[in-house]
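For reference, the structure is listed below as structure tokens.
Values quoted throughout were computed directly from the atomic coordinates according to the rules given, and no laboratory measurement underlies them. Bear in mind that the values here come from a model prediction, so they are computed numbers and not experimental data. Note that each Cβ is placed from the backbone with ideal geometry, even for glycine, and that neighbours are counted across all protein chains shown.
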Amino acid sequence: MSAGPLPTLAALFAELSMLAVGGANALVPEMQRRVAAEGWMGPAEFGALFALAQAAPGPNMLVITLVGWRVAGFWGGIVATSAFIVPSGILTYVVAGVWERFREARWRRVAQAGLTPVTVGLVTAAAVALCRAAVTDVPTLLLVLATAGVLLATRLHPLWLLGVGAALGAAGVL
Amino acid sequence: MGTGQRAAYDFAMPESPPPLAPPPSLAGLFGGFLTVGLLGFGGVLPLARRMIVDQRRWLSAAEFTDLLALCQFLPGANICNVSVALGGRWHGPVGSLAALAGLLAAPFAVVIALGAIYMRWHTEPVVAHAFAGLAAAASGLVLATAIRIAGPIRARPRAVAIAVVALVSLAVLRLPLLWVLIVLIPLSIAINRRVA
């Protein structure tokens, strides 16, 4: 009996765990590309799973759980989630113990100043990758821009905006 | 005499923060992070801060800010790193597991239930259209996040250049993330040194 896609899921998300500078959002373009390369799902379905993870409570890394679940069921979800958490978790566990020594170190601020622009580029690339899949016509483009604009201009909870988007879609406006 | 002066000085300190609670038990860690996972819609970090600093008083505000800086600096999901570091601080590896399990148990179940609903109904036109709208709105959320975090680096041409190269490499050229990071992180650290 073959292990199926579980080893591939584990290897992929363990790698992404150590590449996640700036959180799970920064991984979106790479995940979208890799799941398509494996023949697991196209950008549109990945976009739907990403949106589901945003609408659910909890950390936005849950898109990884959903991808694993979609590819290999319950155990796929467990394997993908664990593979993503364990490597960076071990690193955090070890570094947290010695952090006091480096808290004020200059190299830490130097590294942070260098990492921030990279993170900005990664998250912008994530927005582009998601929009490319989600924007299919003028109404969906307007919805993307309106959602971003309202979020930047008000303190409205993001869940309301997701709800409005889904309602407009269901009502046939899009 | 010296101690008397010290006491008077302490007393005069504006708004001394409430004392911290004793370290949580394993069940306390699990329960605390369970509430964060259950209620954390659209961003769990503010909720985690409220639970850890204001409600359960496990850490002072300054300690939390320091811990968050570490967890944002390291790779991985920030909130997962916070739970691992906090659990480990008081109960070692078992504490880390208890905190992580609390954080992820409820969202894991919810997200898979939502996924099952999606897979069962996504060929229905109404559901497919609702998901198209949901995906567009979620794209808008990420776009807003990108614009927000780009704000502080806008006035620094070298930082903007790095961000643009990262964007083009991933979104246009579709290069592997590993190679983009291996090249760009050292380069960015080298040319952005002065601002640190």
(request) Within 10 Å of each Cβ in peptide A:144-156, how many partner chain Cβ atoms are there on average? Round it to a whole number, please. (result) 5
(message) Can you compute the equivalent ellipsoid semi-axes for segment A:1-71, i.e. the square root of 5 times each eigenvalue of the Cα gyration tensor, sorted largest first and rounded to whole Å?
(response) 19, 14, 12
(message) Between B:HIS122 and A:ASP137, how high is the FRET efficiency from 1/(1 + (r/R0)^6) when r is the Cβ-Cβ distance and R₀ = 22 Å? Nearest 0.05.
(response) 0.70
(request) List the extent of the Cα atoms of the protein assembly as shown along each of their three principal axes, largest first, rounded to whole Å. (result) 80, 48, 47
(message) With 10 angstrom as the radius, rank B:THR35, A:THR136, B:THR145, B:THR123 by how many other C-beta atoms surround their C-beta, starting from the fewest.
(response) B:THR123, A:THR136, B:THR35, B:THR145
(request) Taking the Cα centre of chain B as origin, sum charge times position over the Cβ atoms of Lys and Arg (+1) and Asp and Glu (-1), and report the length of that vector in debye to the nearest 20. (result) 540 debye
(message) Run through segment A:69-174 and list the trypsin sites (Lys or Arg not before Pro) located in a DSSP loop whose Cβ has at most 12 other Cβ atoms within 10 Å.
(response) A:ARG103, A:ARG155
(request) Determine the shielding of peptide A:101-108 by partner chains: average, over its residues, the number of Cβ atoms on other chains within 10 angstrom of each Cβ. (result) 2
(message) Check which residues have an amide H placed less than 5 Å from B:PHE41's amide H, if you skip close sequence neighbours.
(response) A:GLY58
(message) Given the DSSP H assignment, sum -39500 (n - 2.57) over each helix run of at least 4 residues in the protein assembly as shown and divide by its residue total; what's the result at 222 nm in deg cm²/dmol, nearest 500?
(response) -25000 deg cm²/dmol
(message) Just to confirm my numbers, what's the Cα centroid distance between segment B:84-154 and segment A:84-105 in Å?
(response) 24 Å
(request) For B:ARG194 paired with B:ARG174, estimate the spin-label separation in nm (one decimal), with each label point 7 Å from Cα along the Cα-to-Cβ line. (result) 3.9 nm
(request) Provide B:VAL142, A:VAL138 in ascending order of the number of other Cβ atoms located within 10 Å of each residue's Cβ, fewest first. (result) A:VAL138, B:VAL142
(request) Quick one, could you list the DSSP H helices from chain A stretching 30 Å or more along their long axis (Cα atoms) with average Kyte-Doolittle hydropathy of -0.5 or above? (result) A:62-102, A:106-134
(request) Report the charge-dipole magnitude of segment B:80-196 in Debye, nearest 20, computed about the Cα centre from +1 at each Lys and Arg Cβ and -1 at each Asp and Glu Cβ. (result) 620 debye
(message) If you fit an axis through the alpha-carbon atoms of helix B:125-150 and take the longest principal axis of the Cα set of chain B, what angle between them do you get, 0 to 90°, nearest 10?
(response) 50 degrees
(request) Quick one: give the max-minus-min coordinate of the C-alpha atoms of segment B:153-196 along each principal axis, largest first, in Å. (result) 30, 19, 9
(request) Determine, for B:MET119, B:MET51, A:MET41, the number of other Cβ atoms within 10 Å of each Cβ, and report the residues in order from fewest to most. (result) B:MET119, A:MET41, B:MET51
